[in-house]
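Working notes, beginning with the structure itself.
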Amino acid sequence: MTILQIVEIVVGVAMIVFGILAINTKKLINSVIFLSVISMLAVVSFMLMRAPDVAITEAVIGSGLVTAIFVFTLYTTKKAGEKI
Amino acid sequence: MIQYLSIALMLVGIYGLLSQRNMIKLIVSLNIFEIGLNIFIVSIGFVKDGLAPILTSNHNSSALLYVDPLPQAMVLTAIVIGVGITALALALARKLYKTHGTYELDEMEGE
Amino acid sequence: MKQVVSILLVLAVGFFIFSALYFPNQGDSAFDSYGEVDLDERVSSSFIDKNVTGENDEVVFGESANLEDGSANYVTSVIVNYRSFDTLGEVTVLFISAFGVGLLLSGRRKKQAFAHQPNFILKYGARLVFGIMVIFGVYMFSHGHLAPGGGFPGGAIIAAALLLLYLADNDFRAKMKAFKVTEGIAGSIYVILGLLAIVIGGYFLMNFLPTGIVGTIFSAGLIPIIYVLIGLKVGSEIAGIVDSFLTVEVEK
């Protein structure tokens, strides 16, 4: 078992844990942040599978723009005086 | 090993789609499902000790062992379609919030 | 109760997926286990040796010339050359979803104001970083046939640069009309190039320009041109989506 395989398993298990957290958490903004963390961990696993093109795309779109769109939706629909 | 874990991640996404009643949570679950599926598709093209599918001056011949470029190309387009789907779903959710004042599907009142 | 039923259903689905992929009952499974793939059995071996339409044995970086497709990055050659029709459909899907977002969030609009007022350094520092990000995006989609990257991440980086300006300046609005024109022109040129290829080569979106030596900047014929078009189209579409989400309707 090499060090890369251990990293692979740790990243995969962390993704599943954050996935369960993202679904079961109470606040919506926490759910979105956990989704961003899953995207970032997916970038690591794409790099371990020798897919640099996919990793770059996922890093820009998955963890950057999608998170921004989610946060803007929550920001524009919050009630006055409420924190998101 | 990452292949089994990606299938498990897909199952987590399906569980979220089945058990949640909040629209934002449903869209988050859809995104988790999509990430798991993308990792699965890339993993079926992985070759042990393969190189990244780019010719450079160090790895300069196509006779060397490369990983499969076809699943990577499919996933590259799938990620960009994913952001389109997410944006459309969130626009619908925002429209529904404006008429009903809530994201919970159970609390919406029918006409 | 709902959770228990969901978990049982998910376990059943997982059991079927695992048993279909890894424990086939009869006959050979068509599914290779992880990491033990034989590329010679797959269609990708001809993509790697670039002999889909002709005869070719080996591609050498910096020496092979006049191949059917001169791209050093195999993923790019699959996306923009061998499966270019897929990519045309994909940018159409993205266009339709951007159109739908614009339709759903339409009306008399103004920009959503943020609670904080950005200070001087943030405002002007963001403009400095904006230039660097746009240059990096353009580099990325013009070198898509030599290095990792390409039109999709390049366009997304340009959209992210615009997002930075939106966040750093409360009064900033991009000129969305110019983006719509860019998007339409880029999409039209893509289709026109495809039709031109029918006249010259006989197939839709065939690579009809001469391809030089693998690894040089003018080496892939039509690929850099189409990737620049895809980059402009994706960048303007995602920027349009971000702009739609950052506006609210004006109350009368």
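Based on a Kirkwood Rh over C-alpha pairs, give the Stokes-Einstein translational diffusion coefficient of the stretch A:3-76 at 10 °C and viscosity 1.306 mPa s in µm²/s.
Values: Rh = 12.9 Å.
Rounded, D is 123 µm²/s.
Assuming a viscosity of 1.567 mPa s and a temperature of 4 °C, what translational diffusion coefficient in µm² per second does Stokes-Einstein assign to the stretch C:42-190, Rh being the Kirkwood radius over Cα pairs?
The calculation lands on 69 µm²/s.
Could you tell me which of rounded, prolate or oblate describes chain C, using a ≥ b ≥ c as the square roots of the eigenvalues of the alpha-carbon gyration tensor, with rounded for a/c under 1.5 and, failing that, prolate when a/b is larger than b/c and oblate otherwise?
Numbers: a/c = 2.11, a/b = 1.25, b/c = 1.69.
It comes out oblate by the Cα gyration axes.
Calculated FRET efficiency, C:Phe99 and B:Thr99, Cβ-Cβ r, R0 25 Å, to nearest 0.05?
On the way: r = 22 Å, r/R0 = 0.87.
The computed FRET efficiency comes out at 0.70.
For the protein assembly as shown, compute Rg over Rh where Rg is the Cα radius of gyration and Rh is the Kirkwood radius from the inverse mean 1/r over Cα pairs. Write down the numbers at each step before the final one.
Numbers: Rg = 23.0 Å, Rh = 23.4 Å.
Taking Rg over the Kirkwood Rh, I get 0.98.
In nm, to one decimal, how far is the C:Thr53 label point from the C:Gln3 one, both placed 7 Å along Cα→Cβ?
It is 5.9 nm.
Along the stretch B:46-53, what does the Karplus equation 6.51 cos²θ - 1.76 cosθ + 1.60 (θ = phi - 60°) give for ³J(HN,Hα), rounded to whole Hz, x for Gly and Pro?
The phi angles translate into 6, 10, 4, 6, x, 9, 5, x Hz.
Heavy atoms only, probe 1.4 Å: what % of the accessible area of chain C goes to carbon and sulfur, would you let me know? Display every interim value, and only then the final one.
Details: 8720 of 13140 Å².
Accessible surface attributable to carbon and sulfur in chain C totals 66 percent.
How large is log10 I(q)/I(0) at q = 0.15 Å⁻¹ when the Debye formula is applied to the Cα atoms of the stretch C:170-252, each weighted equally and without solvent?
Once normalised to I(0) and log-transformed, intensities are -0.68.
For a label point 7 Å from the Cα of C:Phe31 along Cα→C-beta, name the residues of the stretch B:16-54 whose backbone N is under 16 Å from it.
It comes to B:36-46, nothing else.
Computed on alpha carbon atoms, what radius of gyration and Dmax characterise the stretch B:1-44, expressed in Å?
My reading of the Cα-based Rg and Dmax gives 10.7, 34 Å.
Using a 10 Å cut-off around each Cβ of peptide C:64-77, what is the average number of partner chain Cβ atoms that fall inside? Walk me through the intermediate numbers first.
Details: counts 4, 0, 0, 0, 0, 0, 0, 2, 6, 8, 13, 15, 6, 3.
Partner Cβ neighbours, averaged per residue: 4.
Apply the Karplus curve 6.51 cos²θ - 1.76 cosθ + 1.60, θ = phi - 60°, to the phi angles in the stretch B:2-18 and return the couplings in whole Hz, x for Gly and Pro.
Ordered by residue, 3J(HN,Hα) equals 5, 5, 4, 5, 5, 5, 4, 5, 4, 5, 4, x, 5, 4, x, 5, 7 Hz.
Which lysines, if any, have their Cα less than 20 Å from the Cα of A:Lys26, not counting same-chain residues under 8 positions apart?
Reachable lysines: A:Lys78, A:Lys79, A:Lys83, B:Lys25, C:Lys2.
Using the Karplus equation 6.51 cos²θ - 1.76 cosθ + 1.60 (θ = phi - 60°), what ³J(HN,Hα) coupling, rounded to whole Hz, does each residue of the stretch C:61-68 give in order, writing x for Gly and Pro?
Values, residue by residue: 5, x, 10, 5, 9, 6, 7, 5 Hz.
Kirkwood Rh, the stretch C:9-74, all Cα pairs: how many Å? Each step should come with its number before you reach the end.
Working: mean 1/r = 0.0654 Å⁻¹.
It is 15.3 Å.
In chain B, how does Rg compare with the Kirkwood Rh, expressed as the Rg/Rh ratio over alpha carbon atoms?
Details: Rg = 19.6 Å, Rh = 16.6 Å.
With Rh from the inverse mean 1/r over Cα pairs, Rg/Rh is 1.18.
The values are calculated or read from the model by the stated rules, or taken from the named source; none is laboratory data. This one's a predicted model, so the numbers in the text were calculated from it and none came from an experiment. Here the Cβ is made from the backbone with ideal geometry for all residues, glycine too, and neighbour counts use every protein chain on show. We work out accessible area using only protein heavy atoms, side chains counted, and drop any ligands, DNA or RNA first. Shrake-Rupley method; radii C 1.70, N 1.55, O 1.52, S 1.80 Å.
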